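For reference, the structure is listed below as structure tokens.
The values are calculated or read from the model by the stated rules, or taken from the named source; none is laboratory data. This is a predicted model, so every value here is computed, not measured. Here the Cβ positions follow ideal geometry from the backbone for every residue, glycine too, while neighbour counts run over all protein chains shown. Heavy atoms of the whole protein, side chains included, go into the accessibility calculation; ligands, DNA and RNA do not. Shrake-Rupley method; radii C 1.70, N 1.55, O 1.52, S 1.80 Å.
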Amino acid sequence: MPRWSYKVTFWDHEVTSRKKGKTYTVRWTVEGERQRAPLRSKTAADNRKSELIAAHKRGERFDVESGLPESELREQSALSWYAFTLQYTDVRWPHIGGGQRQSIAEGLSEATLALVIEDKASPCDAEVRAALKQWAYGDRLHGDALSDEHRTAINWLEANTVDLSLLEDDEQGPGLVRAVLDRLSRKQDGTKAAVNYFKRRRATFNTAMKYAKEIRALQTNPLGSVTWVKEQSDDTVDPAVVPNQEQITRLLAAVGRLGKLGERLETFFAVMAYAGLRPEEVVALRKGDFTLPAEDDLEAFGEFRLHRAEPSVTARYNDSRRRRARRRLKHRAEKTVRVVPIHPQLVRRIREHISRFGFGPNGELFVGPRGATPSRETYGRKWSEARAEALTPEELGRNLAAVPYNLRHACVSGWLAATGDPAQVAEWAGHSIETLLRIYAKCVDGSARRAMRRILDSMPAEAKEPSQEEREAEKRAQLLLTLFDMMSPEEADQLIRRLAGKQAGEEEI
């Protein structure tokens, strides 16, 4: 990293006579370190000194080692966009999981397509995208050599992306940034992408720009140079797609009728429906991750103690080169353990599941008939078959329980409706309270009706004259307020205590 200083002193030229003529050496110091630039003519030396003095007057920092002002040092060390993304992914890769690696690869690939310099030899977008996602932001980070499949596209990219510094250029920068945002806001076929899809891609680009500032490749975050209308995303779950208990019962029964794998997946889906676990958390369950109550206590809850998840991503983005990798819980520290209650209904299902199928070779609670962990495609396919069998045409038409994740939605919103305790439910679900209320509040069955009932209780639909008793109570309340205004804080406190004692039948005022 450069060592900067504003302490710069300029000296007269040093003139040296040689056989081939005079040499004029520009001299200056930065933080006491001597700097020299020998030139063949006095005019060139004067111009060079003027450039340095002008940079100093503009308030630029100077690098102590090279003696150059920041603007010149940045020009000399200019990075192409493609070279910068390689440096950025090198830094991020060791510290993030496979899912985030994949998201970064996808976001940077689309941004790069907006920052290429087109020419007659340009590969097509699909070739560039594949080379970036598969090798530059994937296999390369495992140490793999560049394959012949992607060599042409990568060689072209090395010479045909814009300089990173252009993103903050006054004239070209805003247009380039807007081109990136437009590319990120669209699907690969050019159609408009979902708002949340764009938000994730934009976040990737924004984080990369922050890193560019960190390494002094940019002075500012260029995203601030454009005005982009942000669409509001509705993260809340549509209550129409969340199944109720009767529908869940139908769906689970239908899964259990889908052959040997279906019999095992019935409890798999039940864990999502009655304990609110994410699919990657269900897959990761092992023998020691839960406790069940005594068999004869039919109303006792069990307990999950979750500390690992196994998300499914493209294999090249995991260190193991397998689609699944055991890692910490989502948005949680490495050693975090999340405790989740196991409903008595689910306790019985888990007990029956273990009795019939036992555990997998490594203690897994859920494995297929051949001992393999169910993949996302496998259990997703069985879920689709169960929906077709268990749901009515009207239910299918409104996308009820379209994906297994809707079972988690049903569970968490049910907890919120039953307990009215967002903090406790957020802890069980592995959410922040803010996220919980934003996503699940609309799913609370009857919450709107209950809220309107409370409004009617406090403000009746028809106004009525207060009774004599209510008028007397109002007078007493007003008298007390007047007394409080006249009292000192200590006297008011004593009166409140006496009133509380009277309410409890302890004494009379």
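Points worth noting:
- Any hit, segment 114-121, residues being closer than 30 Å to residue 197 by Cβ, assigned to a helix (DSSP H, G or I) and modelled with pLDDT of 95 or more: no
- Which listed residue is more than 24 Å from the chain's Cα centre (by Cα), farther than 30 Å from residue 321 by Cα and open to solvent by less than 10 Å² (accessible area, probe 1.4 Å), from 78, 44, 55, 37: 55
- Here residue 393 meets the list (1) closer than 26 Å to residue 297 by Cα; (2) surrounded by fewer than 16 Cβ atoms within 10 Å (Cβ to Cβ) almost entirely, failing just condition (1).
- Within segment 364-399, the set of residues being part of a helix (DSSP H, G or I), closer than 21 Å to residue 278 by Cα and not hydrophobic (A, V, I, L, M, F, W, C) comprises 376, 377, 378, 379, 380, 381, 382, 384, 385, 387.
- Top-ranked residue of segment 214-241 - restricted to ones that are out of contact with any Lys or Arg (no Cβ under 9 Å at 6 or more places or on another chain) and at pLDDT 85 or above, ranked as nearest to residue 350 (Cα to Cα): 214
- Close Cβ contacts (under 9 Å, 6 or more residues apart or on different chains) running from residues in segment 345-371 that are of a type in the set (D, E, K, R) to residues that are open to solvent by 40 Å² or more (accessible area, probe 1.4 Å) and part of a loop (DSSP other than H, G, I, E, B) comprise 348/298; 351/292; 351/295; 364/373.
- Pairs are defined by a Cβ separation below 6 Å, a sequence spacing of at least 6 or placement on different chains, a first member in segment 406-432 that is within 19 Å of residue 242 (Cα to Cα), and a second member that is buried (at least 16 other Cβ atoms within 10 Å of the Cβ) and of a type in the set (Gly, Ala, Ser); the pairs so defined are 407/273; 408/276; 411/273; 411/276; 412/276; 412/429; 429/276.
- Qualifying residue in segment 86-103 (condition: basic (Lys, Arg) and open to solvent by less than 40 Å² (accessible area, probe 1.4 Å)): yes
- Qualifying residue in segment 118-138 (condition: open to solvent by 50 Å² or more (accessible area, probe 1.4 Å), over 24 Å from residue 178 (Cβ atoms), touching a Ser or Thr at 6+ places or on another chain (Cβ under 8 Å) and touching a residue at least 12 places away in the same chain (Cβ under 8 Å)): yes
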